[in-house]
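The values are calculated or read from the model by the stated rules, or taken from the named source; none is laboratory data. These figures come from a predicted structure and were not determined experimentally. Every residue, glycine among them, receives a Cβ derived from its backbone with ideal geometry; neighbour counts consider all protein chains shown. Surface areas here come from the heavy atoms of the whole protein model, side chains and all, with no ligands, DNA or RNA. Shrake-Rupley method; radii C 1.70, N 1.55, O 1.52, S 1.80 Å.
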Amino acid sequence: QVQLVESGGGLVQAGGSLRLSCAASGRAFNYYVMGWFRQAPGKEREFVADISWSDSTYYADSVKGRTSISRDNAKNTVYLQLNSLKPEDTAVYYCAADTDWLRLRIGGAKDWGQGTQVTVSS
């Protein structure tokens, strides 16, 4: 089990950028698949991106080309760089961790953070 704490959210104008961070505590961070999800008001939580222990990445079509996920195993931290932000990117962004990439990708990860709010103004 890992404890996850997100940071870096905020208010940004359309076209701007944000870098979200997720700090993990616990054992064997480098063996976990790490992911980001988001939930907009009135909508279900949706997958954004994930990164494996070998730095293989995968993105949702809605953010592909505008988003980059990375990890620093020495710091037990995963990052989500959000560029060219749009008002429809407004959501609470959640970090997730699991040893099973499929379980994480479908939203069934064992460990979740509390979320960080991203608001994009038009």
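Test each condition in (1) closer than 15 Å to Val118 by Cα; (2) open to solvent by 30 Å² or more (accessible area, probe 1.4 Å); (3) assigned to a strand (DSSP E or B) for Gln3 and report the one that comes out false.
It fails just one condition, (1).
I'd like the residue in region 51-74 that is touching a Lys or Arg at 6+ places or on another chain (Cβ under 8 Å) and of a type outside the set (Phe, Trp, Tyr) and, out of all such residues, is nearest to Tyr93 (Cα to Cα).
In this case the residue turns out to be Ile51.
Can you tell me how many residues within region 84-99 are under 24 Å from Ser54 (Cβ atoms), modelled with pLDDT of 95 or more and either open to solvent by 50 Å² or more (accessible area, probe 1.4 Å) or of a type in the set (A, V, I, L, M, F, W, C) (or both)?
Qualifying residue count, region 84-99: 3.
Can you find even one residue in region 10-31 that is under 20 Å from Leu102 (Cβ atoms) and β-branched (Val, Ile, Thr)?
No, there is no match, as no residue in region 10-31 is under 20 Å from Leu102 (Cβ atoms) and β-branched (Val, Ile, Thr).
Which ranges mark the strands (runs of 3 or more DSSP E) fully within region 74-122 that have 1 or more residues being touching an Asp or Glu at 6+ places or on another chain (Cβ under 6 Å)?
The qualifying strands (runs of 3 or more DSSP E) are 91-98, 116-121.
Quick test for you: out of Arg103, Arg66, pick the one residue that is at pLDDT 95 or above, of a type in the set (D, E, K, R) and over 26 Å from Val12 (Cβ atoms).
After ruling out the rest, the residue left standing is Arg103.
If you check Ala40, Ala28, which single one turns out to be surrounded by fewer than 16 Cβ atoms within 10 Å (Cβ to Cβ), at pLDDT below 95 and among the aliphatic types (A, V, I, L, M)?
None of the others qualify; the one that does is Ala28.
Test Val5 against the stated conditions and say whether it is touching an Asp or Glu at 6+ places or on another chain (Cβ under 7 Å), of a type in the set (A, V, I, L, M, F, W, C) and at pLDDT 95 or above.
It is false that Val5 is touching an Asp or Glu at 6+ places or on another chain (Cβ under 7 Å), of a type in the set (A, V, I, L, M, F, W, C) and at pLDDT 95 or above.
Out of the residues in region 56-77 that are open to solvent by 90 Å² or more (accessible area, probe 1.4 Å) and in contact with a strand residue (DSSP E or B) (Cβ under 8 Å, 6 or more places away or on another chain), state the one that is nearest to Ala23 (Cα to Cα).
Out of the qualifying residues, it is Lys75.
Considering only region 8-17, how many residues are open to solvent by 30 Å² or more (accessible area, probe 1.4 Å) and not in a loop (DSSP other than H, G, I, E, B)?
2
In region 105-120, which residues are buried (at least 19 other Cβ atoms within 10 Å of the Cβ) and of a type in the set (A, V, I, L, M)?
Residues satisfying the conditions are Ala109, Val118, Val120.
Does Thr99 satisfy the criteria of being over 12 Å from the mean Cα position of the chain (by Cα) and among the β-branched types (Val, Ile, Thr)?
yes
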